[in-house]
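Structure record follows, encoded as structure tokens.
The values are calculated or read from the model by the stated rules, or taken from the named source; none is laboratory data. On a predicted model such as this, the values are computed, not experimentally measured, just so you know. Heads up, the Cβs are rebuilt from the backbone with ideal geometry, glycines too, and the neighbour counts pull from every protein chain shown.
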Amino acid sequence: MKFNRVWGLALALGIGAITGVGAQTEKVGAGTMYLAPKSGDKPPPVAPLRTEAMLKLAAPTNQWYSTLIFNPKPEALFAHPLTVKPTPAGLELALPVKQVVPTDFRETEIHYPHSDPLLISPLAFEPGPAKLARASDWAVEIAMDRGADQMQVITAHGSPYVYITLSRGDVRIKLPSSGERFANDADARVLALRIGGKSYAVFGPTGVRWEQVSPQEWVGRLPASKGYLSAAALPDDSLASLQLLTRHAYAFLQDTRVDWRFDPATSKVETTFTSKTRVMEGADNGPLLGLYPHQWFKNASVADKLGPAYDSIRGKIRLLAASQFKIERTYNGVLPHWPGIKEGAGATEVKDLLKIDLRKRRELIPVRENKDDWRVSAYWQGKGLTRATQLAAVAEQQGDINARDQLLALVRERMEWWFGGTGRSYFHYDKGLGTVVAYPDEFFAIAEMNDHHFWYGYWIRAAAELTLRDPAWGAKEQWGGMVDRLIADIAMPQRGRADFPFLRPFDAYSGFSMASGVGLYDFGNGQESTSEAINAWASIILWAEATGNRELRDLGIYLYTTEIDAVSHYWFDIHGQVFPPEYKNVEVSWVFGGRYAHKTWWTDEPRQTKGINLLPITSFSTYLGLDPAYVRRNVAALKPEVDNYNAIGKFPPNRPPKDIWQDIFAKYLALADPAAALAQWDRFGSVELGDTRTHTLHWMLSLQDMGTPDFTVTADTTLYSVFKRPDGQRTYLAYNAGKKPISVRFSNGTTLTAEPAALARLTAK
């Protein structure tokens with residue numbers, strides 16, 4: 001979740017492009033956006049390693065290739081199945097293989113490092129420093145030019161190839177060890193090599209002559225005006241695979257694009273991946289795309305079209321000879337809150353806890369006490385805002401409107417103070433990168449552009465909760481304009497803008513977000529707290545409903561459903577397609593381009609390691625119950641993991657409470673077994689800093705009453721959920737954010753009417 005290394009180096013949203021302004025501030029409705037940091041505050045980093053054309057656009061931070069734009073010595077790019085790395089000597093290309101790495105805690109990490117690469121370089125000139133020349137949705141072009149001499153490289157997620165063009169001269173291929181050429185008579189253009197158990201091929205133009213200089217070096221003599229080649233790793237050394245890759249090797253990727261469409265009537269999200277190519281010679285055989293498990297698993301549209309597969313950190317990457325493919329996912333709804341607990345001892349206990357939490361309401365949202373107070377970054381403030389709004393919703397549903405109003409007044413006060421920018425806590429728009437950052441900095445959210453979607457998701461959720469109850473507050477001329485800027489920072493749906501990049505943290509091909517902004521790590525970029533990412537996308541859905549923005553709603557639903565699907569594969573491996581048998585844990589908490597592990601940035605303690613991909617557990621979190629058996633298995637693994645950790649005894653100086661985040665695990669278990677969850681929860685035990693005892697109890701009692709989430713039934717509205725008890729009785733919920741009553745139809749034929757600004761409930765078989 002939090003990266004801790006210092007590094008010195010819309011119109012769906014209803015906003016216009018931010019342009020150069022002479023003043024130090026810009027009024028955004030009732031709020032203030034600072035256009036320069038206040039005295040003593042440091043600006044975000046610069047991203048100079050872009051071509052002139054790319055410098056005119058917002059910088060694509062937080063992507064799998066972002067190391068290119070910040071680092072004069074960039075780390076390897078994990079394109080999958082390949083890794084590529086620009087160096088002063090040329091372009092390194094490798095096919096990573098699995099390494100099982102033991103840890104100090106008797107567990108294992110899985111690594112697929114960039115190692116033993118081929119080195120591809122021009123003979124006629126030295127490559128220049130690598131710069132980002134172009135970025136489409138899952139492919140990038142790297143310029144390694146020096147003066148008039150040009151070397152350009154295209155690499156893409158899922159592609160077995162890199163595509164290289166040279167302005168002049170021949171090409172050198174250096175091998176990491178002695179290689180054996182095979183299939184010499186297959187195609188004169190092709191240099192196929194076995195090297196240390198791996199197979200590679202370099203595809204030159206017609207007329208190329210391959211000359212072996214030494215056991216570890218080859219030279220390709222390129223014909224005049226044909227300065228192009230592609231290079232690939234092969235899934236195996238069979239002639240059939242070599243012929244397949246040869247057939248598509250001359251269709252150079254030029255553009256990649258992802259599009260999404262949400263159908264409210266069926267609650268389906270269709271995602272379309274489209275690539276365009278330039279045929280360098282021969283027939284137009286189209287591209288060869290590598291599909292990740294979340295793209296091919298149970299995808300009937302590609303099932304009979306898939307070719308050979310590569311082993312990778314993401315599981316099997318399967319080849320598809322096509323320029324386009326589609327994925328369909330089901331959106332199972334989100335809700336701002338659940339109904340009240342109206343009867344019995346549970347209702348009394350909720351009422352009692354609410355009184356206690358309400359007395360401490362000023363503590364729910366951290367207030368700045370001094371300049372060194374760690375609690376008041378926008379991250380902790382955002383968690384406090386969500387904590388208070390969730391408690392307010394419980395109070396509202398329990399009929400305590402006075403308590404609700406006190407809590408929402410506190411939320412409004414804190415948000416307006418931050419958005420007003422009159423103190424040391426404020427928001428700054430940085431034109432150089434095209435980003436909104438929040439001061440004070442923490443977890444290098446400014447210095448390294450980390451975690452913006454984690455932070456701002458909490459704020460967007462709180463703003464939506466206020467606006468659902470007071471639409472005037474969320475109007476653009478009031479405070480909604482500031483909220484729209486936060487959304488634009490993490491989820492700009494338009495490409496090629498100067499003010500914000502396209503979907504800053506979201507990797508459209510991998511299907512999940514990335515937290516590190518500048519790309520510091522030798523295992524590529526990645527993410528820890530998927531649950532905070534998903535919270536951000538659900539918050540966008542809620543804000544879009546509160547403000548009547550359908551295009552933004554569809555974007556939020558696309559991001560929400562896609563990341564949930566990717567997390568089920570790459571963090572939880574619910575479908576059994578990713579983790580190898582050597583991996584010992586039920587889930588991972590870190591996922592990078594070439595590594596996954598069971599730890600956090602700040603501790604190896606198991607409760608926090610497991611819980612960081614669960615919190616915050618709110619009405620947005622029903623997706624965590626997609627597989628109840630997995631929930632039980634995951635929770636059951638916690639005790640032996642804690643026992644193992646305690647037995648080894650490598651503890652931090654300040655150990656956390658033994659029951660840290662016990663409320664998170666009780667709420668998580670309630671998605672599979674509410675009774676067991678209530679039995680294990682200690683109402684006097686620790687409480688995670690984004691939650692309250694009242695909300696925790698209300699969550700579990702609600703699931704005990706309604707049943708666990710039922711994902712077999714959908715609805716033709718945005719804000720809905722369905723639950724099912726063991727006896728077959730279902731609870732149907734729908735929230736109407738509009739101004740007129742709506743009739744909601746569920747996919748099993750059940751209907752209910754939802755009044756404006758209200759939660760409707762129906763209980764039926």
- prompt: What is the one condition in (1) surrounded by fewer than 20 Cβ atoms within 10 Å (Cβ to Cβ); (2) closer than 20 Å to Asn613 by Cα that Thr696 does not satisfy?
  reply: (1)
task: Have a look at Leu95, Leu82, Leu91 and point out the one that is over 20 Å from Gly519 (Cβ atoms) and either basic (Lys, Arg) or over 20 Å from the mean Cα position of the chain (by Cα) (or both).
output: Leu95
- request: Scan segment 39-54 for residues that are surrounded by 14 or more Cβ atoms within 10 Å (Cβ to Cβ) and out of contact with any helix residue (DSSP H, G or I) (no Cβ under 9 Å at 6 or more places or on another chain) and report the count.
  value: 4
- request: Kindly check whether there is at least one residue in segment 723-733 that is in contact with a Lys or Arg (Cβ under 9 Å, 6 or more places away or on another chain), in a loop (DSSP other than H, G, I, E, B) and of a type in the set (Phe, Trp, Tyr).
  value: no
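Each row is one residue, and each column tells you yes or no for (1) in a strand (DSSP E or B); (2) surrounded by fewer than 17 Cβ atoms within 10 Å (Cβ to Cβ); (3) of a type outside the set (Phe, Trp, Tyr); (4) touching a Leu at 6+ places or on another chain (Cβ under 7 Å).
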site	(1), (2), (3), (4)
Ile154	yes, no, yes, yes
Gly158	no, no, yes, yes
Gly169	no, yes, yes, yes
Ile173	yes, no, yes, yes
Asp185	no, yes, yes, no
Ala188	no, yes, yes, no
Ala201	yes, no, yes, yes
field: Which numbered condition Pro339 misses (of (1) over 27 Å from the mean Cα position of the chain (by Cα); (2) of a type outside the set (Phe, Trp, Tyr); (3) part of a loop (DSSP other than H, G, I, E, B); (4) surrounded by fewer than 15 Cβ atoms within 10 Å (Cβ to Cβ))
entry: (4)
- prompt: Filtering segment 307-321 down to residues that are under 18 Å from Asp237 (Cα atoms) and not small (Gly, Ala, Ser), which residue is surrounded by the most Cβ atoms within 10 Å (Cβ to Cβ)?
  reply: Ile317
- request: Filter segment 308-323 down to residues that are in a loop (DSSP other than H, G, I, E, B) and out of contact with any helix residue (DSSP H, G or I) (no Cβ under 8 Å at 6 or more places or on another chain) and give me whichever is nearest to Ser241 (Cα to Cα).
  value: Asp311
- prompt: Is there any pair with a first residue in segment 119-145 that is under 29 Å from Glu217 (Cβ atoms) and a second that is of a type in the set (Phe, Trp, Tyr) whose Cβ atoms are under 8 Å apart and which are 6 or more apart or on different chains, and what are they?
  reply: Val140/Tyr65
message: Is it the case, given these coordinates, that Glu551 is surrounded by fewer than 22 Cβ atoms within 10 Å (Cβ to Cβ) and closer than 21 Å to Val269 by Cα?
response: yes
message: Looking at segment 208-228, can you tell me whether even one residue there is polar (S, T, N, Q), in a strand (DSSP E or B) and farther than 30 Å from Ile327 by Cα?
response: yes
message: Name the single residue that is farthest from Thr266 (Cα to Cα) among those in segment 286-311 being among the hydroxyl-bearing types (Ser, Thr, Tyr) and more than 19 Å from the chain's Cα centre (by Cα).
response: Tyr310
statement: Residue set Leu697, Leu671, Leu762, Leu689; condition at pLDDT below 95 and at negative phi; output residue Leu689
- request: Restrict the check to segment 257-265 and report whether at least one residue is among the aliphatic types (A, V, I, L, M), in contact with a Phe, Trp or Tyr (Cβ under 6 Å, 6 or more places away or on another chain) and over 21 Å from Asp137 (Cα atoms).
  value: no
